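The values are calculated or read from the model by the stated rules, or taken from the named source; none is laboratory data. Small disclaimer: the values here were computed from a predicted structure and weren't measured. Using ideal geometry, Cβ is built from the backbone for each residue, glycine included, and neighbour counts are taken over all protein chains shown.
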Amino acid sequence: MSCLIAHTAPRYGVILGWTGSPEAPEPEAVGRYLERFLMDPMVIRAPWLLRALLVRGLIVPRRKYRSAEAYRRIWTPLGSPLAAHTAALAEALEGKLGLPVLHGSAYGSPTLEDAARKAASLGDVPWLFMPLFPQYAGATRGTLETRFLQAAGTLACGYWASFRRSTTIRHTLMPSRKRYFLRWRPFSLITFCSVSMDYP
């Protein structure tokens with residue numbers, strides 16, 4: 001997918017990509033989410049059979065109850081905090097930019113396929129895909145880019161490069177990052193690198 005320079009287009013849209021969240025803070029819903037997430041070959045890099053034995057036989061049956069309890073403690077009237085905040089972010093960006101902003105997830109709802117279908121329904125508009133991970137990792141940004149390519153089909157779109165791939169982003173942020181390191185301890189950056197992961 002080639003990079004789209006957004007300001008050269010008379011009008012464009014933005015699609016935010018994130019990993020997803022369970023539909024409800026209940027063991028079965030959490031189990032479905034965990035299975036979709038952990039069965040992704042870019043998350044657990046192992047042969048399918050070994051991955052299935054680990055995920056379906058060991059991890060999900062045990063983890064879904066503890067994770068559901070953790071989700072119940074943080075659940076809001078609008079759903080999971082990550083889902084609610086992502087929707088609010090999309091709405092705020094749309095108001096700020098004056099452009100259509102959609103969002104889709106790899107393992108939750110709405111899906112990347114939902115976002116691509118909605119984007120296609122808005123007519124002949126180029127779209128900028130922005131995974132909500134500034135850094136590159138195969139298990140997060142990599143799987144989002146791969147899944148979006150599959151979902152997008154013939155949709156005219158480009159993507160926002162990660163730090164690793166964008167000289168402009170690195171040069172723009174490096175001075176502020178240096179000041180940050182001088183002021184704060186390095187482990188403070190952990191939260192910065194977990195923008196859209198939802199996995200209690």
How many residues of region 127-144 are over 25 Å from LEU97 (Cβ atoms) and in contact (Cβ under 8 Å) with a residue 24 or more places away in the chain? The answer is 4
Is it the case that TYR33 is surrounded by 15 or more Cβ atoms within 10 Å (Cβ to Cβ), among the aromatic types (Phe, Trp, Tyr) and within 18 Å of the chain's Cα centre (by Cα)? yes
Which residue, of THR111, THR76, THR146, THR86, is surrounded by fewer than 17 Cβ atoms within 10 Å (Cβ to Cβ) and touching a strand residue (DSSP E or B) at 6+ places or on another chain (Cβ under 7 Å)? THR111
Those residues that are under 19 Å from the mean Cα position of the chain (by Cα) and surrounded by fewer than 16 Cβ atoms within 10 Å (Cβ to Cβ), I need them from region 94-108; list them, please. GLU94
Going through ALA139, ALA120, ALA156 one at a time, which residue ends up being in contact with a Leu (Cβ under 9 Å, 6 or more places away or on another chain) and closer than 27 Å to GLU23 by Cα? ALA120
Pull up region 122-144, narrow it to residues that are of a type outside the set (D, E, K, R) and part of a helix (DSSP H, G or I), then point me to the one that is nearest to GLU94 (Cα to Cα). LEU144
Under 6 Å between Cβ atoms, at least 6 apart or on separate chains: pull out the pairs that start in region 1-21 with a residue that is part of a loop (DSSP other than H, G, I, E, B) and end on any residue that is at pLDDT below 50 and not hydroxyl-bearing (Ser, Thr, Tyr). TYR12/ALA6; THR19/MET197
Total residues in region 84-100, condition of a type in the set (A, V, I, L, M, F, W, C) and in contact with a Gly (Cβ under 7 Å, 6 or more places away or on another chain): 1
Going through region 41-69 in order, the residues found to be touching a residue at least 24 places away in the same chain (Cβ under 8 Å), surrounded by 15 or more Cβ atoms within 10 Å (Cβ to Cβ) and outside any loop (DSSP other than H, G, I, E, B) are ILE59, VAL60, ARG63, LYS64, SER67, ALA68
Flag for THR86 being under 22 Å from PHE133 (Cβ atoms), within 21 Å of the chain's Cα centre (by Cα) and hydroxyl-bearing (Ser, Thr, Tyr): yes
